[in-house]
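Okay, so here's the structure we're looking at.
The values are calculated or read from the model by the stated rules, or taken from the named source; none is laboratory data. Small disclaimer: the values here were computed from a predicted structure and weren't measured. Please note: Cβ atoms are built from the backbone with ideal geometry, for glycine as well, and neighbour counts cover all protein chains shown.
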Amino acid sequence: MAATKYPHPWIQDQALTDRLLKLVDDEDWDLFGIADVGPLNEKARPGRRPKDLWPTEEKSLFDGYGIEPHAAILLGQTIAEPFLFAEQAAPGNRGDRISSCAELITLGYLMGFREKIEFQGFKTALISPSPLPDTKLSRMLATSRKGVVGRSQRFLAGEYGAWHTIGLLLTDAPLMGGDYRYPDVTTDLCDGCRACLDACPCGALTEDGYDADRCHEYRDNPDNQERASTHTVMKCMRCMTACDKKRIKDLL
């Protein structure tokens with residue numbers, strides 16, 4: 001199916017948005033929100049003046065994915081049990097892929113929604129969820145205004161804090177951004193809290209940021225892992241489990 005041509009590059013289509021949102025409800029996918037990336041690109045159009053209309057820092061986060069996205073769709077799930085992040089070897093065409101149940105469920109949501117959007121004739125780019133702190137992904141998710149980047153460098157999704165797994169689907173479909181199931185978040189959800197920094201057993205998380213190499217070295221050491229079964233390993237998730245959802249809920 002060919003995509004509808006719009007007279008303005010960033011016009012938003014309420015009917016298309018409603019149609020796709022109904023599909024989300026029908027499939028029982030968990031949609032956290034849709035970020036308006038289009039207006040960021042509008043500010044970045046070549047030849048615009050004054051200088052503040054050149055690419056914004058937020059817009060540059062979405063560069064390099066092969067499309068000029070209009071919207072970023074946040075799909076995932078809230079997590080009540082950390083064991084969903086236990087890692088297993090999932091067989092694939094290119095050999096085993098180490099993943100967790102939480103990641104695979106979210107990827108299923110993203111791939112299903114991508115199929116629906118591409119059937120409408122639009123382009124997409126999928127960004128997988130990360131079980132670990134990921135500053136860039138967290139900043140991309142935060143453009144939805146459904147949460148903020150915490151001290152852990154994780155995306156804090158409102159009252160759920162870091163207890164979730166969320167991926168992104170970028171698309172040039174003219175979807176309406178806004179509040180669907182989750183309200184906008186403007187509060188500093190960390191508010192002086194150091195729980196995740198103090199919980200990190202290897203010093204990978206500090207006030208200065210996140211040391212990914214140190215984190216991976218600690219998590220990949222068998223001495224720091226719990227083996228649930230022959231093919232299932234629980235690695236460190238303390239920066240997620242330390243996030244106090246009750247304290248955050250009281251802030252909102």
Looking at (1) among the aliphatic types (A, V, I, L, M); (2) in a loop (DSSP other than H, G, I, E, B); (3) in contact with a Lys or Arg (Cβ under 9 Å, 6 or more places away or on another chain), can you tell me which one MET240 breaks?
(2)
Only listed residue being surrounded by fewer than 15 Cβ atoms within 10 Å (Cβ to Cβ) and either aromatic (Phe, Trp, Tyr) or within 18 Å of ALA102 (Cα to Cα) (or both), chosen from HIS231, HIS216
HIS231
Kindly provide the set of residues from the range 205-218 that are part of a helix (DSSP H, G or I) and among the hydroxyl-bearing types (Ser, Thr, Tyr), ordered by number.
TYR218
Kindly establish whether GLU118 is modelled with pLDDT under 90 and either on the phi < 0 side of the Ramachandran plot or touching a Ser or Thr at 6+ places or on another chain (Cβ under 8 Å) (or both).
no
Scanning the range 110-157 for residues that are acidic (Asp, Glu) and more than 19 Å from ASP36 (Cα to Cα) gives GLU115, ASP134
Starting from the range 228-239, keep only residues that are at pLDDT 85 or above, then list their pairs with residues that are in a strand (DSSP E or B) and surrounded by fewer than 19 Cβ atoms within 10 Å (Cβ to Cβ) whose Cβ atoms are within a distance under 8 Å, requiring at least 6 positions of separation or different chains.
THR232/GLN88; VAL233/GLN88; VAL233/GLU226; VAL233/ARG227; MET234/GLU226; MET234/ARG227; MET234/ALA228
Criterion first (in a loop (DSSP other than H, G, I, E, B), crowded, with 21+ Cβ neighbours inside 10 Å and free of Cβ contacts under 8 Å to residues at least 60 places away in the same chain) does CYS202 satisfy it?
no
Exactly one condition in (1) out of contact with any helix residue (DSSP H, G or I) (no Cβ under 8 Å at 6 or more places or on another chain); (2) modelled with pLDDT of 85 or more is false for SER60; which is it?
(2)
Identify, by number, the condition in (1) in a loop (DSSP other than H, G, I, E, B); (2) at pLDDT 90 or above that PRO131 doesn't meet.
(2)
Of the residues ILE117, ILE166, ILE98, which single one is outside any loop (DSSP other than H, G, I, E, B), under 14 Å from the mean Cα position of the chain (by Cα) and not polar (S, T, N, Q)?
ILE166
If a residue must be modelled with pLDDT under 85 and either charged (D, E, K, R) or touching a Gly at 6+ places or on another chain (Cβ under 7 Å) (or both), how many such residues does the range 9-18 contain?
2
Any residue that is surrounded by 19 or more Cβ atoms within 10 Å (Cβ to Cβ) and within 13 Å of the chain's Cα centre (by Cα) - is there at least one of those in the range 172-185?
no
Within the range 219-228, count every residue that is assigned to a helix (DSSP H, G or I) and surrounded by fewer than 17 Cβ atoms within 10 Å (Cβ to Cβ).
3
Condition first: in contact (Cβ under 8 Å) with a residue 40 or more places away in the chain and of a type in the set (A, V, I, L, M). Now tell me which residues in the range 144-173 satisfy that.
VAL148, LEU156, ALA157, ALA162, ILE166, LEU168, LEU169, LEU170, ALA173
Output yes when any residue across the range 217-228 is out of contact with any helix residue (DSSP H, G or I) (no Cβ under 8 Å at 6 or more places or on another chain) and within 30 Å of ASP28 (Cα to Cα), and no when none is.
no
With the structure loaded, tell me whether THR186 is in a strand (DSSP E or B), closer than 28 Å to ILE34 by Cα and polar (S, T, N, Q) or whether it fails that test.
no
